[in-house]
1. Of all residues in region 442-457, which are among the polar types (S, T, N, Q) and in contact (Cβ under 8 Å) with a residue 60 or more places away in the chain?
2. Within region 44-66, count every residue that is part of a loop (DSSP other than H, G, I, E, B) and touching a strand residue (DSSP E or B) at 6+ places or on another chain (Cβ under 9 Å).
3. Does E188 fit the bill of being at pLDDT below 90 and not polar (S, T, N, Q)?
4. Among the residues of region 220-239, write down those that are part of a loop (DSSP other than H, G, I, E, B) and closer than 30 Å to I400 by Cα.
5. Counting only residues that are at pLDDT 90 or above and not in a helix (DSSP H, G or I), how many does region 372-418 have?
6. Residues T143, T225: which one is modelled with pLDDT under 90, of a type in the set (S, T, N, Q) and surrounded by 20 or more Cβ atoms within 10 Å (Cβ to Cβ)?
7. Of the residues G20, G26, G93, which is under 33 Å from the mean Cα position of the chain (by Cα), under 21 Å from I139 (Cα atoms) and outside the structural domain of D137 (by TED's automatic domain parsing)?
Amino acid sequence: MQQDETISAIATPPGEGGIGIIRLSGARSVEIATKIFNPYGGEKLTDCSPRKAVYGTVVNEKNKIIDEAICIVMYAPNSYTCEDVVEIQCHGGSIVMKEVLSLTYRMGARPAQPGEFTKRAFLNGRLDLSQAQAVMDVINAKTKASLAMAMGHLSGDFSNKIKEFRHEILSMIAHLEASIDFPEDDIEDFAVEDTREKLKLLVEKIKRMSDTADAGIILRDGLKTAIIGKPNAGKSSLMNLLLGQERAIVTDIPGTTRDSIEEYVNIGGIPLRLIDTAGIRATDDIVEKIGVDKAYSYANEAELVLAVFDNTQELSEEDEEIINIIKKCPGNIIVILNKMDLSGDINNDIISRKLNESNETRIRGIIPMSAKNGDGQEKLEQLLQDIVYGGNVNNYESNIICDARQGEILRQTVLLLQESLNTIEMGMSEDFIVIDLRSAWEKLGEITGETIEDDIVNQIFSQFCIGK
Ligand code: GDP
């Protein structure tokens, strides 16, 4: 279904580039593009073959050439949105692109809202809701593992799993309803018994999937990490070691100022979102180095704390403070005994004893390391994978959940299914069992978008960027 309103936006990132793409979608896209694009061959854009690159010029109302460009026309339904889509590839300068964009507005397009292209693809049935959400996750993926997960969602593997679950519930409903409609056929007891066994298995399957939510959200958003330790313990060396493996990814968070640019490091496929890298990096100036108060506030907001100790020196008062912070902060903790390349293994036992005394399960490991030559890094990776995946992520692959909303829907589905099991145990009639099953079936449909309110759809797409 084509929307009457034709939308237009710059589809490439802001800033300068070799090319920049203006994308139009909607019933009037081709008409608008034809007015502003003259193919070099002299023919009209509408006479050119669809889905082929056409070389020509972009001209304004006075026939003045604004840029040389390539134009591609994709007729409905063979396009990203399933509507008529035109992509104009012009030179990637910000003035050029703004000119071409405003020209499309003057010819009748309106500015696209955030995520509106993908929303149209969803409304036209080209992508289901979970696939549409995955488009952003593919674009924002921070490690190969995050990308693999997002692609599992975009390709529909994940949605198919949800559809299978819904199908299983629907066949249970059909079976029970048949026994209500034909009670004389004596299938009644069998239907309830059969449903009970199938339900138990289904609850287990959905629970296993919902248990992946924590790992999935970390893979998508990164694990908020603080590196703390006294001055000269080796925090910035550790950070540089971790960053050196793969260039840091810096992300601009939509809606915020440049202050909240975030830096990620990739450790064994897990993105760590580092808190205050600038503060840690200011290594030349001792005054700027992270103080105990600051360390405390970082550790408090982190999901993972890497506590660095200099293992060539006796524990100092500052180290004791760091140990106290570790005991109080809420996230997982990994203790790094740094500078193991130098002689002097003086703190391992003392720190272990002090931490063991606190009987803290959040302390996930004590790793001797050298931030200088990289010894111990593999152990750190292994430990992190254990913390995030609990040792079994590879079994899930594309069926991992990466969104809090999806996780919540699965949790609620499990509750509804358990409710139907209770109804069975209480010996109530099939009608009651069917009511709970129907609610669970509808709940699951919110993941793929088959049963969902418009305002939730709007809210999901509003988190996208313009042009997507
Ligand atoms: P920060 O103040 O905690 O950020 O510590 P730095 O990373 O600036 O390190 C302080 C000093 O210790 C620097 O001279 C580093 O080169 C040195 N250093 C850090 N880690 C190691 C290590 O593993 N081995 C050795 N030999 N020196 C290290």
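1. Answer for region 442-457, where residues must be among the polar types (S, T, N, Q) and in contact (Cβ under 8 Å) with a residue 60 or more places away in the chain: just T448.
2. 9
3. For E188, the condition - at pLDDT below 90 and not polar (S, T, N, Q) - is met.
4. G222
5. Selection size over region 372-418: 4.
6. Testing whether each residue is modelled with pLDDT under 90, of a type in the set (S, T, N, Q) and surrounded by 20 or more Cβ atoms within 10 Å (Cβ to Cβ) leaves just T143.
7. Exactly one residue qualifies, and that residue is G20.
Listed here are the residues, each with its yes/no results for (1) out of contact with any Cys (no Cβ under 7 Å at 6 or more places or on another chain); (2) farther than 22 Å from V135 by Cβ.
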site	(1), (2)
A27	yes, yes
E31	yes, yes
F37	no, yes
G41	yes, yes
V59	yes, yes
S79	yes, no
C90	yes, yes
G93	yes, yes
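The values are calculated or read from the model by the stated rules, or taken from the named source; none is laboratory data. Bear in mind that the values here come from a model prediction, so they are computed numbers and not experimental data. Glycine also receives a Cβ, built like all others from the backbone with ideal geometry; neighbour counts cover every protein chain displayed.
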